[in-house]
Structure formats: C-alpha cells, structure tokens
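Right, one structure below, let's go through it.
Laboratory data are not the source of any read-out in this text; all were calculated from the coordinates shown. All values reported here derive from a predicted model rather than from experimental measurement. Note that each Cβ is placed from the backbone with ideal geometry, even for glycine, and that neighbours are counted across all protein chains shown.
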Amino acid sequence: MRDLFQRRFSELQDSATQAACETPTIGYAYKASLIGGAHRFELTDAGLNWHLAGRSGVWGYADIAAIRLSFRPVSMQAHRFRADVRHVDGGRLAILSTSWQTAALMAPQDESFRVFIRALHARMKQAGSRAVLTGGLSRRVYLAAVVLVALLAIAMSGLLVTALAMRQFSGAAFILGFAALFAWQVGGFIHRNRPLGYTFESIPKKLLP
C-alpha cells in the first residue's frame, strides 16, 4: 500500500513538472489584403508555426537566421510596424501590426503584435538562437532616404525665400504648414527607422507599437 502511494505521488509530481514546463501557445493573425485568407502564426514547442496563402510550415527557433523590425506607415494606417523573419534556408515571412477589415479600414493590432513579437524573441533566446537582430531600414536605403529628405528641405527653403522676397505671405504660410506636416510625418519615419542592431534582451521600443 505504501509503495502504491509513493508511486502515485511520484506520477503526480511528474505530471505537475511537465505541465509547469510546457509553454502556452501564443498566436497572431492578420490579413495582408482584402482578397485571400489571413496569415496565421503560432509559437509552439516545436517552433514558429505559420500558415499563409495555402502554404504552411514549422520553423525551429534555432533555425531562424534573422529578424528585422521596422516602422512602415501607409496612407490608410500611419501607425504600422513590420517584422521580417528569415529562415536559414532563405525563406522569409512578413508579420504586420495591422489587418485589413474592409475596403476603407485597416485596423491596428498593436497589443497582440507586441506580445507575439516579444514572445518570439523569448522563445528564440531560450532555444539558443544565434539570429542576427536588426532594426530600421538597411543602411543603403536609409542613406538614400536621408539624402532625398535633405534635397526636399533645400527645395522648400528656396521656395520660402522666394515667396517672402515677393511678399507672397499666404504662399509662405502654406509652405511653412506643408514643411511642418512633412517634418512630422517623414521625420518620424526617419527617426524610427535608423539602422541599428539589438539583442534579445533589448528590443527597441520605437520599433514596436
């Protein structure tokens, strides 16, 4: 009787330990367009489980070669973020923080996107991942964007000086208003997307909603 009790107690302990070690599944889904189904992702014990465009697969966390986080606003959603995940065999997955709802509505999913991305990094770290973690645009694209913004700023400055010299104050006010709007929108894009590297412990807050 005593042996039976000890065996039963041991089985209960093992079950409790196994349950404590199991990590709950975390999922995320979004619609990249109005046509087609949602892109679905799950963090399971086996790895990153993905389903999109009639295809599916599981990527082991240690087999993820790189993640790039970036800020990608669009006309219908100015507060949109993106995570590009690359596999060691060259496969790529894009995960967006917004989802198409109707022809006129792209809904943000800030909280669920942030939770999923942080959990993905945690799983990768636990698996001993050596993935390259980067944020923002590539250095070449970022440099081109900065040069373009500088040229536009010079052009607007020239227009402002011309308008003031000709005493076209309404035109000058319009140029100043446009410059302020441009600086707010494009300046935020440039600031958030400055190229950088990060670690699993220090995911850049400016690249998460």
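List of remarks:
- Footprinting exposure proxy for T199, T134 (fewest neighbouring C-beta atoms within 10 Å first): T199, T134
- Assuming charge only on the beta carbon of Lys and Arg (+1) and of Asp and Glu (-1), the dipole of the stretch 36-157 about its Cα centre is about 280 debye to the nearest 20.
- Seen against the Cα atoms of the chain and their longest principal axis, helix 2-21 is set at about 10 degrees.
- Neighbour count of at most 11 Cβ within 10 Å plus DSSP loop: longest GluC sites (Glu not before Pro)-free window in the chain: 23-200
- With the cut-off at under 18 Å, measuring from each backbone N in the stretch 192-209 to a point 7 Å along the Cα-to-Cβ line of A153 picks out 192-195.
- Within the chain: Cβ-based charge dipole about Cα centre, in debye rounded to nearest 20 (Lys, Arg +1; Asp, Glu -1): 620
- Angle between the chain longest axis and helix 110-126 axis [Cα atoms, degrees, rounded to 10]: 50
- Separation of the A165 and A180 label points, Cα + 7 Å toward Cβ, nm: 2.6
- Sequence of M124, M156, M166 once ranked by neighbouring C-beta atoms within 10 Å, starting from the fewest: M166, M156, M124
- Anisotropy class of the stretch 140-186 from Cα gyration tensor, a/c 1.5 cut: oblate
- For the chain, the relative contact order works out to 19 percent when only alpha carbon pairs closer than 8 Å and six or more residues apart are counted.
- Among S97, S202, S112, sorting on how many other beta-carbon atoms sit within 10 Å of each Cβ, with the fewest leading, yields S202, S112, S97.
- Taking every alpha-carbon pair under 8 Å whose residues sit at least 6 apart, the stretch 22-135 reaches a relative contact order of 25 percent.
- Cross-link reach is defined here as a Cα-Cα straight distance under 26 Å, omitting same-chain residues fewer than 8 places apart; for K31 the lysines meeting it are K205, K206.
- GNM result for the chain, Cα springs below 10 Å: residue of R167, R140, R130 fluctuating most strongly: R167
- Estimated FRET transfer efficiency when R0 is 45 angstrom, pair V146-D45 (beta carbons, to 0.05): 0.55
- Anisotropy class of the chain from Cα gyration tensor, a/c 1.5 cut: prolate
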